[in-house]
Amino acid sequence: DIQMTQSPSTLSASVGDRVTITCRASHAIDWLAWHQQRPGKAPRLLIYRTSYLESGVPSRFSGSGSGTEFTLTINSLQPDDFATYSCQQYHSYPWTFGQGTKVDLK
Amino acid sequence: EVQLVESGGGLVQPGGSLRLSCAASGFTFSDSWMVWLRQAPGRGLEWVATTNQHGNEQYYVDSLKGRFTISRDNAKNSLYLQIHSLRAEDTAVYYCAKKGGTVNVWGQGTLVTVSS
């Protein structure tokens with residue numbers, strides 16, 4: 001199975017900050033997805049195929065990477081962005097997720 | 001609007017069985033691969049199973065194979081997850097989702113609690 005490891009586990013930031021979350025895969029993968037989950041809510045797809053924004057996702061979100069290292073960047077953090085972000089590989093079954101990165105208010 | 005509404009969760013005793021349902025609307029269900037995922041309290045997301053649009057291909061996480069069965073009824077626009085021999089560690093919110101590449105639409109989830 002492909003293990004996905006995110007860092008950091010928690011990130012404290014302020015509105016307006018630029019934040020970066022890293023996801024490392026135990027084996028090289030072609031692409032991954034990023035999901036956002038606000039407290040008490042269902043997850044929501046943000047980015048697929050590493051860098052493609054899902055419809056309706058603000059352009060302050062961006063994804064990049066290749067092979068085993070990938071990043072999610074949020075430019076100018078907004079109040080709605082305080083949430084948990086999870087990377088997910090769908091290169092092969094079983095699909096696997098990172099443990100999540102919680103972005104909270106500094 | 002694409003909607004996925006799960007139901008069937010609740011409190012179940014260890015060793016019991018449960019069938020979760022997911023009602024789909026707003027898209028052509030019979031053309032879509034569908035997915036079940038879960039999230040234990042305070043834990044990360046876990047993929048459970050995927051089925052193709054016809055229901056004749058299924059993929060499962062190895063650790064759950066044999067106790068979990070994904071199925072669908074395209075005439076009813078519904079997805080199901082049958083779970084047997086429930087254990088405390090199966091306590092989680094179970095999400096139904098639509099597959100478009102990866103999971104691109106999530107339901108709101110249904111909570112399954114396994115406890116005596």
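Which of the numbered conditions does B:Gln82 fail, given that it passes all the others? Conditions: (1) surrounded by fewer than 18 Cβ atoms within 10 Å (Cβ to Cβ); (2) within 13 Å of chain A (Cβ to nearest Cβ); (3) within 15 Å of the chain's Cα centre (by Cα).
If we test B:Gln82 against (1) surrounded by fewer than 18 Cβ atoms within 10 Å (Cβ to Cβ); (2) within 13 Å of chain A (Cβ to nearest Cβ); (3) within 15 Å of the chain's Cα centre (by Cα), just (2) comes out false.
Quick one: in region B:55-69, which of the residues that are over 13 Å from B:Trp36 (Cα atoms) and touching a residue at least 12 places away in the same chain (Cβ under 8 Å) is nearest to the other protein chains (Cβ to nearest Cβ)?
B:Arg67
Which of the residues that make up region A:41-68 are within 18 Å of B:Ala97 (Cβ to Cβ) and of a type in the set (Gly, Ala, Ser)?
Passing the criteria: A:Ala42, A:Ser55, A:Gly56.
List pairs: first residue in region A:69-95 and more than 30 Å from B:Gln58 (Cα to Cα), second residue part of a helix (DSSP H, G or I) anywhere in the structure, Cβ distance under 9 angstrom, at least six positions apart or on different chains.
A:Ile74/A:Asp81
Would you pick out the residues in region B:88-101 that are outside any loop (DSSP other than H, G, I, E, B) and either surrounded by fewer than 22 Cβ atoms within 10 Å (Cβ to Cβ) or more than 7 Å from chain A (Cβ to nearest Cβ) (or both)?
Hits for region B:88-101 are B:Ala88, B:Glu89, B:Asp90, B:Ala92, B:Val93, B:Tyr94, B:Cys96, B:Ala97, B:Lys98, B:Lys99, B:Gly100.
Can you name the residue in region A:1-18 that is of a type in the set (A, V, I, L, M, F, W, C) and under 30 Å from B:Ser63 (Cα atoms) and is also surrounded by the fewest Cβ atoms within 10 Å (Cβ to Cβ) among such residues?
Among residues in region A:1-18 that are of a type in the set (A, V, I, L, M, F, W, C) and under 30 Å from B:Ser63 (Cα atoms), the one surrounded by the fewest Cβ atoms within 10 Å (Cβ to Cβ) is A:Ile2.
Within region B:23-32, is there a residue that is without any contact (Cβ under 8 Å) to a residue 24 or more places away in the chain, outside any strand (DSSP E or B), closer than 24 Å to A:Arg44 by Cβ and not β-branched (Val, Ile, Thr)? Quick ask: steps written out before the conclusion?
So in region B:23-32, the residues without any contact (Cβ under 8 Å) to a residue 24 or more places away in the chain come out as B:28, B:31.
Now restrict to residues that are outside any strand (DSSP E or B): B:28, B:31.
From what's left, closer than 24 Å to A:Arg44 by Cβ: B:28, B:31.
Going one step further and asking which of them are not β-branched (Val, Ile, Thr), we end up with B:31.
Looking through region B:23-32, at least one residue is without any contact (Cβ under 8 Å) to a residue 24 or more places away in the chain, outside any strand (DSSP E or B), closer than 24 Å to A:Arg44 by Cβ and not β-branched (Val, Ile, Thr).
Which of the strands (runs of 3 or more DSSP E) contained wholly in region A:24-106 include at least 2 residues that are in contact with a Phe, Trp or Tyr (Cβ under 9 Å, 6 or more places away or on another chain), closer than 27 Å to B:Pro41 by Cβ and at the interface with chain B (Cβ under 8 Å from one of its Cβ atoms)?
Passing ranges, in order: A:32-37, A:44-48, A:84-89.
Collect the residues in region B:60-79 that are among the basic types (Lys, Arg) and surrounded by fewer than 17 Cβ atoms within 10 Å (Cβ to Cβ), keeping them in residue-number order.
Hits for region B:60-79 are B:Lys65, B:Arg67, B:Lys76.
Report yes if some residue within region A:52-65 is more than 25 Å from A:Gly16 (Cβ to Cβ) and not β-branched (Val, Ile, Thr); otherwise report no.
Yes, region A:52-65 has at least one match.
Take the residues in region B:102-113 that are touching a residue at least 24 places away in the same chain (Cβ under 8 Å), crowded, with 20+ Cβ neighbours inside 10 Å and within 14 Å of chain A (Cβ to nearest Cβ); name whichever of them is nearest to A:Pro94 (Cα to Cα). Walk me through it before giving the result.
In the first step, residues of region B:102-113 are kept if they are touching a residue at least 24 places away in the same chain (Cβ under 8 Å); the result is B:103, B:105-113.
From the residues that got through so far, the ones that are crowded, with 20+ Cβ neighbours inside 10 Å too are B:103, B:105-107, B:109-110, B:112.
Now drop any that are not within 14 Å of chain A (Cβ to nearest Cβ), which leaves B:103, B:105-107, B:109-110.
Values: B:Val103: 13, B:Val105: 19, B:Trp106: 18, B:Gly107: 20, B:Gly109: 21, B:Thr110: 22 Å.
The residue in question is B:Val103.
Read the figures in this text as sums done on the coordinates, not as results from a lab. In this text the structure is predicted, and so the values were computed from the model without any measurement. All Cβ positions, glycine included, derive from the backbone under ideal geometry; neighbour counts span all protein chains shown.
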